[in-house]
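The block underneath contains the structure these notes are about, expressed in structure tokens.
The values are calculated or read from the model by the stated rules, or taken from the named source; none is laboratory data. Since we're looking at a predicted model, the values are computed, not measured. Note: ideal-geometry Cβ built from the backbone for every residue, glycine included; neighbour counts use all protein chains shown.
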Amino acid sequence: MTIKQQSYPLFASSQVPGDLCPIATKMNPMLPGDWRSMKPVVDRAKCVKCAVCWLYCPVQCVVEKAAWFDINLATCKGCGICAKECPQRAISMVAGRAP
Ligand code: SF4
Ligand code: SF4
């Protein structure tokens, strides 16, 4: 079997500028809590500690407390999945990003 020659030569990595994609190479200190528009609030009286919110949160910011599950608002992006999935309707999404 013969391998067909490529039509164009491969790029020379030495010619790729070092600052081509600075976002991917520099750490951004901004957290989701700095830009989200909605935040989840857990009603501790309704929470039965089933951990469904913990299971579904895509960024793993649900934290276990002694008697309920709470949200780490620094890393929560406000997507509302936890509120949608909570079987007890113990989570409400409210406007605002402040803890
Ligand atoms: S899903 Fe709802 S009831 Fe279950 S732990 Fe989370 S807040 Fe509590
Ligand atoms: S709103 Fe989204 S990111 Fe925040 S705790 Fe719920 S599932 Fe996680």
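Would it be correct to say that Asp70 is more than 10 Å from ligand 2 (Cβ to nearest atom), within 17 Å of Val94 (Cβ to Cβ) and of a type in the set (Asp, Glu)? Taking the combined requirement at face value, the residue does not satisfy it.
Take the conditions (1) over 14 Å from the mean Cα position of the chain (by Cα); (2) surrounded by 10 or more Cβ atoms within 10 Å (Cβ to Cβ); (3) modelled with pLDDT of 70 or more; Trp35 misses just one of them, which is (1). When you check Gly18 against the structure, is it within 22 Å of Ala95 (Cα to Cα) and either within 16 Å of ligand 2 (Cβ to nearest atom) or modelled with pLDDT under 90 (or both), yes or no? Considered against the rule, which asks whether it is within 22 Å of Ala95 (Cα to Cα) and either within 16 Å of ligand 2 (Cβ to nearest atom) or modelled with pLDDT under 90 (or both), Gly18 comes out as no.
When segment 53-83 is filtered for residues that are of a type in the set (A, V, I, L, M, F, W, C), within 21 Å of Trp35 (Cα to Cα), out of contact with any Lys or Arg (no Cβ under 9 Å at 6 or more places or on another chain) and loosely packed, with under 15 Cβ neighbours inside 10 Å, the ones remaining, listed by number, are Val63, Ala74.
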